[in-house]
Amino acid sequence: MTLLVLGGARSGKSRYAQERCEAVPGRLVYIATAQAFDSEMTERIARHRGERGARWSTIEAPLDLAGAIGEAADQGDAILIDCLTLWLSNLLLAGTDMATARAGLIDGVAACPVPVISVANEVGFGIVPDNALARRFRDEAGWLNQDMAALCREVVLVAAGLPLTLKA
C-alpha cells in the first residue's frame, strides 16, 4: 500500500494518516522530518510523540528521507512519513539539488516492501507568493506532490477533517 495524504494546515491530514497507518497490524515507524528550532516546535514534537502509542518507533530524518525509509522498512510493518513539505523546506534551506532528492524519495518509496503513508501540505491553493524563495518552494511542493501522487496507489485530500479520495 502506498498512500499520499494531502491537505492544508490544520486540515486533519496527519490525524487521518496516523489512523490509516494504525489500521495495519504490527510495528509502526514514524519518520519525522521536522526540526525543533524553537521551544514551540520542541513542545509540538513532544506532544505528537506522546500521542502515538507503544506500537510506534520514531526515526528523525530532516534530510535523508530515502535512507530513513530503508531503515524503517527493516524496523516496522508500516511507515508514516510526516511530512514531505517540511522535508522539502529543509532541503531548500540546505541548498540540496531538489530533482535528485525527489528522485531518491520516489525510488525509496517504490522499493519499500512495507506500506508507506506520506503526509504533505497542498500549498498551491493560495495566491502567487511575492518572493522568489516562496515561489520556488510552492513550485517544488507542487512537483513533489504530483510525483508522489503518480506513484501512490491511493491519494486522499483532507479538508476540515474530512477525507476526499482523489485516487483509489
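The values are calculated or read from the model by the stated rules, or taken from the named source; none is laboratory data. Note that the structure is predicted; figures quoted are calculated from it, not measured. Cβ placement follows ideal geometry from the backbone for every residue including glycine, while neighbour counts extend to all protein chains displayed. Side chains included, ligands, DNA and RNA excluded: accessible areas come from the protein's heavy atoms. Shrake-Rupley method; radii C 1.70, N 1.55, O 1.52, S 1.80 Å.
Taking 8 Å as the Cα distance limit and 6 or more residues as the minimum spacing, I'd like the relative contact order of segment 64-134 as a percentage.
Here the relative contact order equals 47 percent.
Using only the Cα atoms of segment 59-146, each taken as one equal point scatterer with no solvent, compute I(q) by the Debye sum, divide by I(0), and report log10 of the ratio at q = 0.17 Å⁻¹.
For segment 59-146 at q = 0.17 Å⁻¹, log10 I(q)/I(0) is -0.70.
So how strong a dipole does the chain carry about its Cα centre when Lys and Arg Cβ are +1 and Asp and Glu Cβ are -1, to the nearest 20 debye?
440 debye
Solvent-accessible area per residue for segment 78-168 at a 1.4 Å probe radius, Å²?
Per residue, segment 78-168 has 49 Å² of solvent-accessible surface.
Arrange the peptides 117-126, 146-155 so that the one whose residues have, on average, the most other Cβ atoms within 10 Å appears first.
117-126, 146-155
Calculated FRET efficiency, ARG52 and ARG153, Cβ-Cβ r, R0 25 Å, to nearest 0.05?
About 0.55, to the nearest 0.05.
Take every Cα-Cα pair in the chain and report what % of them are more than 29 Å apart.
Summing the P(r) tail past 29 Å for the chain gives 12 percent.
Could you check how much of the accessible area of the chain is carbon and sulfur, as a whole percent, using a 1.4 Å probe?
Ligands and nucleic acids excluded, carbon and sulfur reach 56 percent.
Take the alpha-carbon centre of segment 23-73, take the same for segment 112-154, and report the distance between them in whole Å.
19 Å
Residues with beta-carbon under 15 Å from that of GLU122, excluding GLU122: net charge, scoring Lys, Arg +1 and Asp, Glu -1?
Residues near GLU122 contribute 0 overall.
Sorting check: for 12-20, 156-164, which peptide has the highest mean count of neighbouring beta carbons within 10 Å, and how do the rest follow?
Ranking, from highest mean packing down: 12-20, 156-164.
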